[in-house]
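Just so it is clear, none of the values below were taken in a lab; they were calculated from the coordinates. Quick caveat: nothing in here was measured; it's all calculated off a predicted structure. Virtual Cβ from ideal backbone geometry, glycine too; neighbours counted across all protein chains shown.
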Amino acid sequence: MSEILHVTWRITPLHPPRPRRHCGSCKTITFFISSGRFRTNAQKKRLDIWLIYRCAVCDGTWNMPIVERCPVARIAPEQLQCFMRNDPATAARHAFDLSVLGRHSDQIDHDVAATVERHVEDGSFAAAAHLEICIALNLPCRLRLDGLLARELGVTRSALLKALDTGAITLASRKALRASAFDGQRIRIDLSQATRCGIDPDALRASAT
Ligand SMILES: [Zn+2]
């Protein structure tokens, strides 16, 4: 019988982040959406690869550089195949690469819509005194922890703060509640105290089943 019920929340953002840029076609500053497709160009044994984006206003194209003037021999054939056939996992990896996107945009719209899949690691809710939630991000995304917990536990952000202050919720730091959730982050919830802070026991049970 386990006192701590471990549950993993596996989070998958529904859309890649959208960089804001000037559109050469409609002459507005607007967001661009990844098409999930690549454009490749080979010249004199050198290769350029771009991820194709579309303007949210006019559907105009912006190609984000992935590989520039790279000797063809330096790219593994399997990797090249992934670009040639618009492999969805490869497109997602590049579309979610925030450090590269940041070089091409002064503002990135992080769509916070995400799915949360729950996996109970061991034990049962009825026997548990504590719930430990482990965050697993399938792709990098900026999802504020307080918003995520409030939505998944069906409580207000002020109830979460109260739970943190009274020790019903334990985090590595108080600031973590207002920061983005990160891969491997752990949130410990004292189940009896959480109920006293106004967190609905049914919502807690639902979050761990
Ligand atoms: Zn446009």
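Using only the alpha-carbon atoms of the chain as identical scatterers, what base-10 log of I(q)/I(0) does the Debye formula give at q = 0.13, 0.14 Å⁻¹? Once normalised to I(0) and log-transformed, intensities are -0.80, -0.86. Dividing the summed -39500 (n - 2.57) terms of all DSSP H runs of n ≥ 4 by the residue count of the chain sets its mean residue ellipticity at 222 nm at -7000 deg cm²/dmol. The Cβ shell under 13 Å around Arg178 holds other residues with a net charge of +4, Lys and Arg each +1, Asp and Glu each -1.
Farthest toward the positive end of the dipole of the chain, out of Pro16, Ser180, Asn138, is the Cα of Pro16, where the dipole comes from beta carbon charges about the Cα centre.
In the Gaussian network model of the chain, springs joining C-alpha atoms below 10 Å, which of Val155, Val120, Val67 carries the largest mean-square fluctuation? Checking each option, the largest mean-square fluctuation is seen for Val67. Karplus-derived 3J(HN,Hα) values for the range 71-83, using 6.51 cos²θ - 1.76 cosθ + 1.60 with θ = phi - 60°, are x, 3, 4, 7, 9, 4, x, 5, 5, 4, 4, 4, 5 Hz; glycine and proline are entered as x. For the chain, excluding the exposed loop sites themselves (trypsin sites (Lys or Arg not before Pro), DSSP loop, at most 11 other Cβ atoms within 10 Å), the longest remaining stretch covers 86-209.
Summing charges over neighbours of Lys45, with a neighbour being any other residue whose Cβ is under 11 Å away from its Cβ, gives +4 when K and R count +1 and D and E count -1. The Cβ shell under 11 Å around Thr28 holds other residues with a net charge of +3, Lys and Arg each +1, Asp and Glu each -1. Under a 5 Å amide H cut-off, with hydrogens placed 1.01 Å from N, Arg46 pairs with Val72 among residues at least 5 apart or on other chains. The lysines whose alpha-carbon is closer than 30 Å to the alpha-carbon of Lys175, local same-chain residues fewer than 8 away aside, are Lys162. Taken along its three principal axes, the alpha carbon spread of the range 2-71 comes to 63, 36, 14 Å, from the longest extent down to the shortest.
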